[in-house]
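Just below is one structure, and these are the notes that go with it.
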Protein chains: 4
Amino acid sequence: MNSFGRLFRMTIYGESHGTGVGLVLDGCPAGLPLKVEDFEMDIERRKGGIQKGTTPRQESDIPIFKTGIFNDRTTGAPITIYFENNNTRSGDYEKLRAIPRPGHADFVAHEKFGGYEDYRGGGHFSGRLTVALVAAGVIAKKLLMLVDTDMHAEIKEIAGMTDLDAGLQKAIDAKDSVGGIIECRVQNLPASLGEPFFDSVESLISHAVFSIPAVRAIEFGTGFAAAGMFGSEHNDAIADKTGRTITNHAGGVVGGISNGNELVFRIAIKPTSSTPKEQETFNRETGVREIFSVKGRHDLCIALRVPVVLEAVTALVLADLLLLEQKIPRVLKDREDDNQ
Amino acid sequence: MNSFGRLFRMTIYGESHGTGVGLVLDGCPAGLPLKVEDFEMDIERRKGGIQKGTTPRQESDIPIFKTGIFNDRTTGAPITIYFENNNTRSGDYEKLRAIPRPGHADFVAHEKFGGYEDYRGGGHFSGRLTVALVAAGVIAKKLLMLVDTDMHAEIKEIAGMTDLDAGLQKAIDAKDSVGGIIECRVQNLPASLGEPFFDSVESLISHAVFSIPAVRAIEFGTGFAAAGMFGSEHNDAIADKTGRTITNHAGGVVGGISNGNELVFRIAIKPTSSTPKEQETFNRETGVREIFSVKGRHDLCIALRVPVVLEAVTALVLADLLLLEQKIPRVLKDREDDNQ
Amino acid sequence: MNSFGRLFRMTIYGESHGTGVGLVLDGCPAGLPLKVEDFEMDIERRKGGIQKGTTPRQESDIPIFKTGIFNDRTTGAPITIYFENNNTRSGDYEKLRAIPRPGHADFVAHEKFGGYEDYRGGGHFSGRLTVALVAAGVIAKKLLMLVDTDMHAEIKEIAGMTDLDAGLQKAIDAKDSVGGIIECRVQNLPASLGEPFFDSVESLISHAVFSIPAVRAIEFGTGFAAAGMFGSEHNDAIADKTGRTITNHAGGVVGGISNGNELVFRIAIKPTSSTPKEQETFNRETGVREIFSVKGRHDLCIALRVPVVLEAVTALVLADLLLLEQKIPRVLKDREDDNQ
Amino acid sequence: MNSFGRLFRMTIYGESHGTGVGLVLDGCPAGLPLKVEDFEMDIERRKGGIQKGTTPRQESDIPIFKTGIFNDRTTGAPITIYFENNNTRSGDYEKLRAIPRPGHADFVAHEKFGGYEDYRGGGHFSGRLTVALVAAGVIAKKLLMLVDTDMHAEIKEIAGMTDLDAGLQKAIDAKDSVGGIIECRVQNLPASLGEPFFDSVESLISHAVFSIPAVRAIEFGTGFAAAGMFGSEHNDAIADKTGRTITNHAGGVVGGISNGNELVFRIAIKPTSSTPKEQETFNRETGVREIFSVKGRHDLCIALRVPVVLEAVTALVLADLLLLEQKIPRVLKDREDDNQ
């Protein structure tokens, strides 16, 4: 339910306005060097409040290592990392309880959990939990580096515009939230990862990616455009015995299996549900529809914060597959990995 | 690996040119009426050879019930259904072994399984296994009917054209394979299915959908287009206490949870890798690149056969979620369900 | 539910008096040589009808390879093996339906599956399904041989007597069924298998072992006797850097992890529920208690058939753990393993 | 690895001498009342330092609710409970690192995790983690109460003696650790729980029970003694339509399924490995065998602390099975459960 992965398995927990959020990561090989500083850059990338269009809420977001790390290395036991919530203003939310916000999980959470859910700031449904995904991703990416696999996700469009500043300005001018397109590329991924059917690389990555709030679509390689191509155009000719292809319409996955070429996929992020605009919704208590507007601290373009989260969940999938294919050992024997 | 589902769990097996393909379905409630005739329509929908653009290969595809069915009802024990392969011509494929076909799994299968794979007609990677998915889907759809949930998938575009006949003619004229877009709609799906993060409805459906060969993309609700919308446009206003929304940009899923509105998503099918056109690939034995063309029986537009497979995997996910939420019982008590 | 194993995962299906029983084995490394003859010895060991005290029912029990095997080797795809039921006489059972036999699953099967269960000869609850366990065990034992791990289970007591012939004679004289004690020993098992808590070697083996019908108890090393020993007696002194111990009270597992010494455990098999003696039970239809006796073909001492099943489920667990610890590769590269 | 359960799933983490230990419990129904005081009694039962024969180490062991609880009720989101370690004296252990203690996990932990393991006080292998099991058990037992299922485990033998005080005195007199036998009885358990093979009630309970450190054996009903009985003796005659049996040799489980009678099983606890007696082991650094004795704080009879842990893991299994069989709802609708 709140876990993912077969051999490299993470569990996330926590609420937006509770004491904090965190993760347990089980199955990480023993001997991986790990320090608080390793998390700084990615946690910083995820934070709001720096770029125009992101929320002014600021969490210090220092990862607190609880278990599974000893003498600055992973021990092979479950790793627990916790992030305290310091900067919550529940008052913003409590008064809205009778009014399920459109586009948010308020209505479905109430239906699913019978009114027992922690409704403050989205509770367990909050994007706040992505900090736990990012933390797990930092560890996963360190594992990928053991086989020289590297990745990078970046935003390609904001509000339908490839000129990102213009897209963001469009949101600011309209005083409305906007969405975006993010692309992820993974270099030097070994071939042979994934399975023909249910555990295809695309199946696993899309499963993980749709865990990220606000994702509405994913396409691999040429994606939707492939539906309009001829087979002779789309097929990637194999160039040599390494499996390198002349083109890469497949985006690095054929028959569900990585083929050694660059893994490429794109996702769509919807505009943030919380917009400063007035909106209509249904009031549970009064039984009538009413106009309301969100006053809390919110991002105009949540997509700006997603690339590092996308890398994280992708790295989780790939680290798991590398362990399944025995391309990463269960214990890191070589002390020279200290330098990574 | 070749299994999917938590409570309603299927395992598929078989090869294109082996003795047959089949499935084990574990966790199906006891007491569901099930006859061979229940499978006819969906198996027929999946077959090639009827429409222009599909393969002349014809399998009789009669489901052979091996276990788990007694007196025309499910017993609660694992259901095994087997399909014999009658119509295989391995000779078409064996001579091609040194030449991994572009766009096919030949290369990655060889890499992953060290040359031990059954390479005839794609072996275990073959689209032939989708008949097992369809069979499981028939059972899953019968379960959905218990809560009056219905679904329909249909092809919306061929070769980039919404005029399907024109799209297909384009393939025939060009003597090349083409792709297509398929949309799936599910009516009357209960709210509360799915989980906030890793087991969101989108996560589970996309996981299942990318098990279908040739799928390259998926989008829920407005999908990629959402990335270009304003929040005030995209948010679906809640109309009443049932959670019905005025618009349905979300496509029936909010915060990972079904919200009771119509579930809507679209997928992209790439053009079939097997095209009559000459293509270039790398010959493993000679070590040089060469021109080849596929002579076997193949579809010009595999997308024509996909809608029923898409329904099937969607139904698998939803039946599992309905069991998880206890909206379908473990034993069907009421004998009056005979009429379904 | 009917599956077991994480990386090396089997699913069993079938009924005593249906068309047959079988298994799907997923995750077996590619390249393992496998022929029908490999199964003969173990299937013969499991059969009744040879020793005094076992049932005269005779199945030919020839494993039918359906999928996952090509050119006499595993391909890496799911392996399906099927056993036809040829020798069933359902009439023996149908008349007993109203009378749940004491000690059998008749009553609970009816409760659990609402009367929809296949009640003929125990249906899916039948010991007949252990032939599928044995078949999977043959494959698992071949994997264990790759790391020179060998095992042997044998019966140590029948009807409370270590003189086995005397124990069996006791059953024949009393015209009553009897139980027995079986011991399993595994030599040359690598250290480091298992996990400290939920996936301890004992947890996994006992989980698998209690899948065998009629097992009532299991003990590792000195087992129940350990409860009466002093710590200084029970502790096994470590002799050298290999971890070899002077004594082996632990039975090869410490802290849930294999320690490289011989793995030793014993199980108790209850007397077969089907005894020729008259017994009392409750008649569902008449609502009164009545006397009945079982007329079918049954074993006086089912324990005689269990050692090979015990080896099989133990081998399944150990093969899975060896894959998890990467002590067996996913693809068997060396063609010289032909000789095994 | 460190998780257990299908729908009601717990993950444990932590080390003996780290910052603390804890659990994540996922899948608990929403709406269950839960307060810190609910845990007091069971945590107290688990503690050492009260009875003769238990360790003087005292942890305050106050459960710290981190997530998943809101307004004194479960929310349906993952529950995280943490226990700080306050009372650790690592110095006791560090000097022993070169000397793997006989009967402890020191040797296997080093082998398995390559020397990266937290070796202080057994690290992740410590019995300290059973406090997390007990906490999860408190919640599971509250769920069992919803269907009026109750349980009790108690020690039946110490050091081979049914006179417990005499058994304990034997340990004190000998200045050596001793083991014991514990019995668990569950009343009013619904029938129909469990599966015929791999997920039999015995399989699942034994899996969970062997997670408890120092358990060496388990038997259900008459257990090992059943191996010496006749079938006509062992079979439990069914008395009426509820499935009540005249005797209960089966211990409440037939064919792997609960039959509605009392569930009864016994386990053997070995003598604590840490004994005040001098012992011999192998010194990794010097490469020679040497005499040593354990100086830390330890129990003479760890079995005294096990009954509540045994109840906890049993309750975890049963709560999971009750959810699987839909005998407990996913959301507790009735507010009147406040009184439990």
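The values are calculated or read from the model by the stated rules, or taken from the named source; none is laboratory data. Every value quoted in this text rests on a predicted model; they were computed, and no experiment measured them. So basically every Cβ, Gly included, is an ideal-geometry build from the backbone, and we count neighbours across all protein chains shown. Just the protein is used for accessible areas: all its heavy atoms, side chains included, with ligands, DNA and RNA removed. Shrake-Rupley method; radii C 1.70, N 1.55, O 1.52, S 1.80 Å.
Values for this structure:
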| item | result |
| --- | --- |
| The one condition in (1) surrounded by 23 or more Cβ atoms within 10 Å (Cβ to Cβ); (2) farther than 21 Å from A:I328 by Cα; (3) within 12 Å of another protein chain (Cβ to nearest Cβ) that A:E195 fails to fulfil | (2) |
| Out of A:S177, A:S206, sole residue that is open to solvent by less than 10 Å² (accessible area, probe 1.4 Å) and in contact with a Gly (Cβ under 7 Å, 6 or more places away or on another chain) | A:S177 |
| Test: A:E285 is more than 30 Å from B:A105 (Cβ to Cβ) and charged (D, E, K, R) | yes |
| Subset of the stretch A:210-248 (residues that are facing chain B (nearest Cβ under 7 Å) and acidic (D, E)) | A:E219, A:D236, A:D240 |
| C:A319 touching a residue at least 24 places away in the same chain (Cβ under 8 Å) and over 23 Å from C:I158 (Cβ atoms) | yes |
| C:D173 being of a type in the set (D, E) and closer than 19 Å to C:H298 by Cα | yes |
| Some residue of the stretch B:28-39 being outside any loop (DSSP other than H, G, I, E, B) and modelled with pLDDT under 95 | no |
| Qualifying positions in the stretch C:227-284 - in contact with a strand residue (DSSP E or B) (Cβ under 8 Å, 6 or more places away or on another chain), touching a residue at least 40 places away in the same chain (Cβ under 8 Å) and on the phi > 0 side of the Ramachandran plot | C:G252 |
| Tally, over the stretch D:212-227, of residues that are assigned to a helix (DSSP H, G or I) and open to solvent by 10 Å² or more (accessible area, probe 1.4 Å) | 2 |
| Test: residue in the stretch C:280-303 that is at pLDDT 95 or above, outside any loop (DSSP other than H, G, I, E, B), open to solvent by 10 Å² or more (accessible area, probe 1.4 Å) and of a type outside the set (A, V, I, L, M, F, W, C) | no |
| Close pairs (7 angstrom Cβ cut-off, 6 or more residues apart or separate chains): more than 7 Å from chain A (Cβ to nearest Cβ) and surrounded by fewer than 24 Cβ atoms within 10 Å (Cβ to Cβ) in the stretch D:6-30, among the acidic types (D, E) and in a strand (DSSP E or B) anywhere | D:R9/D:D26 |
| Every residue from the stretch D:242-273 that is farther than 17 Å from C:G103 by Cβ and in contact with a Gly (Cβ under 7 Å, 6 or more places away or on another chain) | D:T242, D:F265, D:R266, D:A268, D:I269, D:K270, D:P271, D:T272, D:S273 |
| Residues that are among the polar types (S, T, N, Q) and assigned to a strand (DSSP E or B), drawn from the stretch D:66-85 | D:T67, D:T74, D:T80 |
| Residue list for the stretch C:147-180, restricted to those being under 30 Å from C:G260 (Cβ atoms) and of a type in the set (K, R) | C:K156 |
| Flag for B:I172 being part of a strand (DSSP E or B), more than 7 Å from chain A (Cβ to nearest Cβ) and in contact (Cβ under 8 Å) with a residue 12 or more places away in the chain | no |
| Odd one out for D:G121 among (1) under 24 Å from A:V24 (Cα atoms); (2) modelled with pLDDT under 95; (3) open to solvent by less than 20 Å² (accessible area, probe 1.4 Å); (4) in a loop (DSSP other than H, G, I, E, B) | (4) |
| Residue list for the stretch B:1-26, restricted to those being closer than 25 Å to B:P213 by Cβ and part of a loop (DSSP other than H, G, I, E, B) | B:M1, B:N2, B:G5, B:R6, B:F8, B:E15, B:S16, B:H17, B:G18, B:T19 |
| When residues of the stretch D:231-248 are limited to those that are outside any loop (DSSP other than H, G, I, E, B) and over 15 Å from C:F282 (Cβ atoms), the one nearest to the chain's Cα centre (by Cα) | D:H234 |
| Hits in the stretch D:124-160 (condition: open to solvent by 10 Å² or more (accessible area, probe 1.4 Å), more than 11 Å from chain C (Cβ to nearest Cβ) and either part of a strand (DSSP E or B) or over 28 Å from D:N87 (Cα atoms) (or both)) | D:K141, D:K142, D:M145, D:L146, D:V147, D:D148, D:D150, D:M151, D:H152, D:E154 |
| Positions within the stretch B:249-278 being within 7 Å of chain A (Cβ to nearest Cβ) and more than 23 Å from the chain's Cα centre (by Cα), in sequence order | B:V254, B:G255, B:N259, B:K277 |
| Identity of the residue in the stretch A:92-102, more than 26 Å from the chain's Cα centre (by Cα) and farther than 15 Å from A:D118 by Cβ, that ends up modelled with the lowest pLDDT | A:K95 |
